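The block underneath contains the structure these notes are about, expressed in structure tokens.
The values are calculated or read from the model by the stated rules, or taken from the named source; none is laboratory data. Just so it is clear, the model here is predicted, and its values are computed rather than measured. Reconstructed Cβ throughout: ideal geometry from the backbone, glycine too, with neighbour counts over all protein chains shown.
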Amino acid sequence: MLACIFTVTGQAATIQPTHTILSLDYSNTDTTVGRTSQINTLPPGASNFITVGGGDVFYIFLVVNPGTMTFTATPTALSGFDVALYLSNGDAISDTGLGTGVFIGSDVGVEGEEDTFTVANLTPGLYYIGVDSFYSSGSQASPTRHQGEYTLTVTGTAVLGDPFAPVPEPSTWLTFGAGIAAIGLNRWRRA
């Protein structure tokens with residue numbers, strides 16, 4: 001499991017992604033069974049409901065070149081899972097479960113139905129897509145409404161990169177620049 005730490009107004013915030021999306025078109029089948037709830041409450045206006053009490057699974061991805069992205073979470077036929085889907089820039093306060101960085105989501109489908117949304121022009125940066133549930137537990141009539149197996153598909157025109165690729169140290173850039181300058185000086189002397 002991967003862990004990424006962010007700071008939100010001086011407080012430590014953590015989202016633990018389970019999967020990394022490196023390119024589009026992407027598809028993955030997983031389950032929220034046995035998972036903890038990292039985010040319990042969404043900001044008003046981010047989705048159809050603000051409560052997402054079920055166990056959640058997060059995917060991390062890095063947008064390098066902007067473009068459209070469509071996210072769809074489909075519960076498997078036997079799960080009866082009421083899936084909720086939302087996109088975050090990573091700001092989440094883990095001890096309260098408040099998803100402050102969530103800016104768009106969908107929870108219009110009922111138990112067993114998919115949820116989907118499209119972002120027209122997702123700007124470059126690091127993002128998380130969360131698969132969750134409105135319900136925090138099952139009921140006698142619907143014992144699996146709060147958790148289950150699903151398939152997440154992500155399609156679109158955005159270009160993605162590796163969010164865990166090493167970033168060169170400043171000294172590496174200086175050495176690279178010095179090498180290019182030396183080549184240029186050598187060519188200039190020959191001319």
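Quick look at the values:
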| read-out | value |
| --- | --- |
| Conditions (1) out of contact with any strand residue (DSSP E or B) (no Cβ under 6 Å at 6 or more places or on another chain); (2) modelled with pLDDT of 95 or more; number of the one not met by Thr51 | (2) |
| Test: Ser106 is modelled with pLDDT under 95, within 17 Å of Thr155 (Cβ to Cβ) and buried (at least 21 other Cβ atoms within 10 Å of the Cβ) | yes |
| Residue pairs meeting the criteria (Cβ under 7 Å; at least 6 apart or on separate chains; first without any contact (Cβ under 8 Å) to a residue 24 or more places away in the chain, in segment 35-59; second assigned to a loop (DSSP other than H, G, I, E, B) and not β-branched (Val, Ile, Thr)) | Thr36/Gly55; Ile50/Leu42; Ile50/Pro44 |
| Condition check for Asn40: modelled with pLDDT of 95 or more and polar (S, T, N, Q) | no |
| Some residue of segment 161-181 being within 30 Å of Thr32 (Cα to Cα), modelled with pLDDT of 65 or more and either part of a strand (DSSP E or B) or touching a Cys at 6+ places or on another chain (Cβ under 6 Å) (or both) | yes |
| Count - residues of segment 114-124 that are without any contact (Cβ under 8 Å) to a residue 60 or more places away in the chain, surrounded by fewer than 23 Cβ atoms within 10 Å (Cβ to Cβ) and not aliphatic (A, V, I, L, M) | 5 |
| Every residue from segment 75-90 that is under 18 Å from His19 (Cα atoms) and surrounded by 19 or more Cβ atoms within 10 Å (Cβ to Cβ) | Pro75, Val83, Ala84, Leu85, Tyr86, Leu87, Ser88, Gly90 |
| Pick from segment 117-143, criterion under 28 Å from Gly161 (Cα atoms) and of a type in the set (A, V, I, L, M), ranking: modelled with the lowest pLDDT | Leu122 |
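Conditions tested, residue by residue: (1) free of Cβ contacts under 8 Å to residues at least 40 places away in the same chain; (2) within 20 Å of the chain's Cα centre (by Cα).
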| position | (1), (2) |
| --- | --- |
| Asn89 | yes, yes |
| Leu126 | no, yes |
| Val131 | no, yes |
| Ser142 | no, no |
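Residue-wise test of (1) surrounded by 18 or more Cβ atoms within 10 Å (Cβ to Cβ); (2) among the hydroxyl-bearing types (Ser, Thr, Tyr); (3) in contact with a Pro (Cβ under 9 Å, 6 or more places away or on another chain); (4) in a strand (DSSP E or B).
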site: Ser23; (1), (2), (3), (4): no, yes, no, no
site: Ser27; (1), (2), (3), (4): no, yes, no, yes
site: Asp30; (1), (2), (3), (4): no, no, no, yes
site: Gly34; (1), (2), (3), (4): no, no, no, no
site: Ile39; (1), (2), (3), (4): yes, no, no, no
site: Asn48; (1), (2), (3), (4): no, no, no, no
site: Phe58; (1), (2), (3), (4): yes, no, yes, yes
site: Val63; (1), (2), (3), (4): yes, no, yes, yes
